[in-house]
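Engineer: Below is a structure I'd like to ask you about.
The values are calculated or read from the model by the stated rules, or taken from the named source; none is laboratory data. It should be emphasised that the depicted structure is a prediction, and the values quoted were computed from it without experimental measurement. Cβ atoms come from the backbone with ideal geometry, glycine included; neighbour counts cover every protein chain shown. What goes into the accessible areas is simple: the full protein's heavy atoms, side chains included, and nothing from ligands, DNA or RNA. Shrake-Rupley method; radii C 1.70, N 1.55, O 1.52, S 1.80 Å.
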Amino acid sequence: RDLEKCEVAAAISQTVANQISEKLNIQRKIEIIHYPIRPVSHLNYLTGIEFLYVGRLYSQNKRFKLAIDALKCAGFDPMDLCVAGTEKPPIDCHYIPSPEDGLLNNLYNSSRFLMSVSYAEGQSCCPLEGILCGCVPVLAKDNDVIYEFGLESFAADPTPKDLAVKIHEMANNKQKYVEIMNDLRPNLIERFSINNVAKRIIDIYYKYHE
């Protein structure tokens, strides 16, 4: 009801915009304003962390247990994982509470894989940031937004076995996935940098206030 009254409706991705239109039967055009990602960059570090997990653990859609089960199925130990975020993990692994942007940038650059097997994400900022830093994301195919941003090459069905197979496939074909990330990087920087997001907001404002 409030959306129908507002002058302009906006969503952080086309995926979310489509969901709003379908579920709420909104007929008006919904403008896309992405959430800006952190100011991260590729530093060409040697990877010292096997797997990185960034963000919340206990929201149902994050599926942290699935990430751990996939690592075990792939033959890795939870101590091969580093968790960075506000919530302390329920397992014995490396934990860095609430890292600042500079440290998080270093973590992305120091990590081989980013575990991000959640579903129902509006934008999936962490995989985008990981790709900008050369950290290969491990994603789940039922997260619809990954297709909007061209990340489906990194995804597998959301089961421990399928994700484990994907981890090994990407590890054994490192150069292929480095090239995919290199191809994605310029477009991701253009779409999600804070300056370009700010410009997008200004452009939309003047579009409706000429």
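Yes/no matrix, rows are residues, columns are (1) in contact with a strand residue (DSSP E or B) (Cβ under 6 Å, 6 or more places away or on another chain); (2) under 20 Å from Leu114 (Cβ atoms); (3) modelled with pLDDT under 95:
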{"position": "Phe154", "(1), (2), (3)": "yes, yes, no"}
{"position": "Ala164", "(1), (2), (3)": "no, yes, no"}
{"position": "His168", "(1), (2), (3)": "no, yes, no"}
{"position": "Lys176", "(1), (2), (3)": "no, yes, no"}
{"position": "Ser193", "(1), (2), (3)": "no, yes, yes"}
{"position": "His209", "(1), (2), (3)": "no, no, yes"}
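Engineer: So which of Leu132, Leu128, Leu188 is under 18 Å from Gln14 (Cβ atoms) and modelled with pLDDT of 95 or more? Quick ask: steps written out before the conclusion?
Structural biologist: Details: Leu132 fails: under 18 Å from Gln14 (Cβ atoms); Leu188 fails: modelled with pLDDT of 95 or more.
Exactly one of Leu132, Leu128, Leu188 is under 18 Å from Gln14 (Cβ atoms) and modelled with pLDDT of 95 or more, namely Leu128.
Engineer: Residue check, Gly130 against (1) in contact with a Ser or Thr (Cβ under 8 Å, 6 or more places away or on another chain); (2) within 19 Å of Asp183 (Cβ to Cβ); (3) among the small types (Gly, Ala, Ser); (4) surrounded by fewer than 24 Cβ atoms within 10 Å (Cβ to Cβ), all met but one. Which one?
Structural biologist: Exception for Gly130: condition (4).
Engineer: So which residues in the stretch 44-63 are on the phi > 0 side of the Ramachandran plot and either open to solvent by less than 40 Å² (accessible area, probe 1.4 Å) or without any contact (Cβ under 8 Å) to a residue 60 or more places away in the chain (or both)? Before the answer, list the steps.
Structural biologist: At the first step, the residues of the stretch 44-63 found to be on the phi > 0 side of the Ramachandran plot are 44, 55, 63.
Selection gives Gly55 alone.
Engineer: Continuing with the same structure: Can you pull out every residue in the stretch 15-40 that is touching a helix residue (DSSP H, G or I) at 6+ places or on another chain (Cβ under 7 Å) and either at positive phi or open to solvent by 50 Å² or more (accessible area, probe 1.4 Å) (or both)?
Structural biologist: Across the stretch 15-40, the qualifying residues are Leu24, Tyr35, Arg38, Pro39.
Engineer: What pairs come up if the first residue lies in the stretch 30-43 and is more than 17 Å from Leu184 (Cα to Cα) and in a loop (DSSP other than H, G, I, E, B), the second is open to solvent by 30 Å² or more (accessible area, probe 1.4 Å) and of a type in the set (Val, Ile, Thr), and their beta carbons are under 8 Å apart, counting only those six or more places apart or on different chains?
Structural biologist: What qualifies is Ile33/Ile12; Ile33/Ile201; Tyr35/Ile12.
Engineer: Let me ask something additional. Quick one: count up the residues across the stretch 44-62 that are modelled with pLDDT of 85 or more and not in a helix (DSSP H, G or I).
Structural biologist: Residues flagged as modelled with pLDDT of 85 or more and not in a helix (DSSP H, G or I) within the stretch 44-62 amount to 12.
Engineer: State all residues of the stretch 145-182 that are more than 20 Å from Cys125 (Cα to Cα), buried (at least 20 other Cβ atoms within 10 Å of the Cβ) and without any contact (Cβ under 8 Å) to a residue 40 or more places away in the chain; if no residue qualifies, say none.
Structural biologist: Answer for the stretch 145-182, where residues must be more than 20 Å from Cys125 (Cα to Cα), buried (at least 20 other Cβ atoms within 10 Å of the Cβ) and without any contact (Cβ under 8 Å) to a residue 40 or more places away in the chain: just Lys166.
Engineer: Restricting to the stretch 104-132, give me the number of residues that are of a type in the set (A, V, I, L, M, F, W, C) and farther than 15 Å from Tyr53 by Cβ.
Structural biologist: The qualifying residues number 4.
Engineer: Any idea which residue in the stretch 64-101 is farthest from Lys166 (Cα to Cα), counting only those that are open to solvent by less than 30 Å² (accessible area, probe 1.4 Å) and in a strand (DSSP E or B)?
Structural biologist: Out of the qualifying residues, it is Gly85.
Engineer: While we're on this one: Which ones in the stretch 87-126 are in contact with a Pro (Cβ under 7 Å, 6 or more places away or on another chain) and more than 17 Å from Lys65 (Cα to Cα)?
Structural biologist: Asp101, Leu107
Engineer: May I ask you to say which residue of Ile194, Ile189 is open to solvent by 80 Å² or more (accessible area, probe 1.4 Å) and in contact (Cβ under 8 Å) with a residue 60 or more places away in the chain?
Structural biologist: That would be Ile194, the only listed residue that is open to solvent by 80 Å² or more (accessible area, probe 1.4 Å) and in contact (Cβ under 8 Å) with a residue 60 or more places away in the chain.
Engineer: Does Pro137 meet the test of being in contact with a Leu (Cβ under 7 Å, 6 or more places away or on another chain), not in a strand (DSSP E or B) and not polar (S, T, N, Q)?
Structural biologist: In short, no.
Engineer: Let me ask you something else. Looking at Glu31, Glu7, Glu50, which is the one that is acidic (Asp, Glu), under 22 Å from Asp203 (Cβ atoms) and in contact with a strand residue (DSSP E or B) (Cβ under 7 Å, 6 or more places away or on another chain)?
Structural biologist: Glu31
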